[in-house]
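Okay, structure first, notes after.
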Amino acid sequence: MLIQEVVRGVGRLAYADALAVVRETGLVCAALRNGVVATSDAAEGLLSPEALERHRHDHPTFHSQSPYISATAGTYLEGSRWSRASRARFAFDTALDFAVLGPRRDGWIFYGYVFLLGRAAGRHAEFAEEVRDLHQHPAWSPYRGEGEIAVAVRIPPRRLRLAEFYDYDSVVRSIRNGRHPEPDDVIDNVALFEAPELLANARGVI
């Protein structure tokens with residue numbers, strides 16, 4: 001088993017909603033948020049290889065009912081026969097693209113960790129799916145550069161370290177001036193967060 005740090009970008013959240021995620025509900029899958037199922041046990045019953053495939057590649061029609069949560073740990077895109085150089089796709093950049101830059105709105109980035117089995121987890125909600133790993137998921141995917149970790153059902157507050165708020169206009173100004181964007185607000189979860197090092201060393205994001 002591995003412990004993997006992840007980040008997730010979420011837009012259109014008021015401060016009170018982000019606070020509730022960190023302190024009360026955790027990050028939950030769309031199937032629970034949208035009332036497709038009423039309980040975590042029922043959401044766990046939706047887990048399957050077919051559902052994971054739809055979550056990854058049929059997002060426009062499936063995202064509102066998926067039992068998975070898209071998070072990222074970053075990845076490296078390998079070179080080709082024409083260009084030998086590999087390049088990093090950083091987790092923070094991917095999360096910022098999803099929450100802020102892509103939709104051109106304010107957004108939040110949540111930082112936490114999940115458990116990986118080191119192989120396909122199937123219907124076991126205790127483990128996330130490392131779909132960025134070509135050894136576990138070798139089929140070509142146009143989304144592999146997102147470095148996705150597909151989390152089953154829920155990331156509870158005890159595994160969420162903090163949330164950062166990013167104002168769209170501030171992010172754009174920072175990028176235009178060649179600076180790394182800095183958060184405009186932070187929700188720290190010192191009271192509830194259980195550090196992964198209490199169990200084992202966590203693998204960081206790229």
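Worth pointing out:
- Residue check, G145 modelled with pLDDT of 95 or more and either within 26 Å of R105 (Cβ to Cβ) or not in a loop (DSSP other than H, G, I, E, B) (or both): no
- Of the strands (runs of 3 or more DSSP E) lying entirely inside the range 18-128, the ones with 2 or more residues being in contact with a Phe, Trp or Tyr (Cβ under 7 Å, 6 or more places away or on another chain) and surrounded by 14 or more Cβ atoms within 10 Å (Cβ to Cβ) are found at 107-116.
- Index of the failed condition, V190 passing every other in (1) without any contact (Cβ under 8 Å) to a residue 12 or more places away in the chain; (2) surrounded by 12 or more Cβ atoms within 10 Å (Cβ to Cβ); (3) assigned to a loop (DSSP other than H, G, I, E, B): (2)
- Sole exception among (1) open to solvent by 30 Å² or more (accessible area, probe 1.4 Å); (2) closer than 16 Å to T75 by Cα; (3) of a type in the set (A, V, I, L, M) for V131, by number: (1)
- Residue list for the range 158-171, restricted to those being over 20 Å from M1 (Cβ atoms), open to solvent by 10 Å² or more (accessible area, probe 1.4 Å), in contact (Cβ under 8 Å) with a residue 40 or more places away in the chain and not in a strand (DSSP E or B): D167, Y168
- Matching residues in the range 6-17 - criterion: being in contact with a strand residue (DSSP E or B) (Cβ under 6 Å, 6 or more places away or on another chain) and open to solvent by 70 Å² or more (accessible area, probe 1.4 Å): none
- Test: residue in the range 173-186 that is farther than 16 Å from V22 by Cβ, in a strand (DSSP E or B), open to solvent by less than 30 Å² (accessible area, probe 1.4 Å) and not aliphatic (A, V, I, L, M): no
The values are calculated or read from the model by the stated rules, or taken from the named source; none is laboratory data. The structure displayed is predicted, hence computed values, not measured ones. Every residue, glycine among them, receives a Cβ derived from its backbone with ideal geometry; neighbour counts consider all protein chains shown. For the accessible areas, the whole protein counts, side chains as well, though only heavy atoms, and no ligand, DNA or RNA atoms are used. Shrake-Rupley method; radii C 1.70, N 1.55, O 1.52, S 1.80 Å.
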